[in-house]
């Protein structure tokens, strides 16, 4: 197999790693590492940090994710709900987008002038 044959297979992997590297981290706390392990098997942390859910909504979300395969021990479910509700509740400010060094937000787009 030549290097040219490998390139199409490696591009999606490289793109996924680049996106993962730019994802915001979960807030510090006793459940941070367990949440990384359980949640980021399927998606990056950006999905979580953008949420602003009530405790009742986090209960439903944690139960849904465990039904879908998130590895959360039954004895940890309430602690997960508390962690998410306290960090990503409706009373928290909106998430600020995180950008890696190579990605910058566009502050203003100037329309092209026509002659």
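Every number in this text was worked out from the coordinates using simple rules, so none of it is lab data. Note that the coordinates shown come from a computational prediction; the quantities given were computed from them, not determined experimentally. Cβ coordinates were reconstructed from backbone atoms using ideal geometry, including for glycine residues, and neighbour counts include every protein chain displayed.
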Consider residue 30 against the criteria (1) part of a helix (DSSP H, G or I); (2) over 14 Å from the mean Cα position of the chain (by Cα): it satisfies all of them except one. Which criterion is unmet? (1)
Filter region 21-43 for residues that are in contact with a helix residue (DSSP H, G or I) (Cβ under 8 Å, 6 or more places away or on another chain) and touching a residue at least 60 places away in the same chain (Cβ under 8 Å); which is nearest to residue 62 (Cα to Cα)? 26
Go through region 54-93 and give me each residue that's under 16 Å from the mean Cα position of the chain (by Cα) and surrounded by 17 or more Cβ atoms within 10 Å (Cβ to Cβ). 58, 61, 62, 65, 70, 80, 83, 84, 85, 87, 88
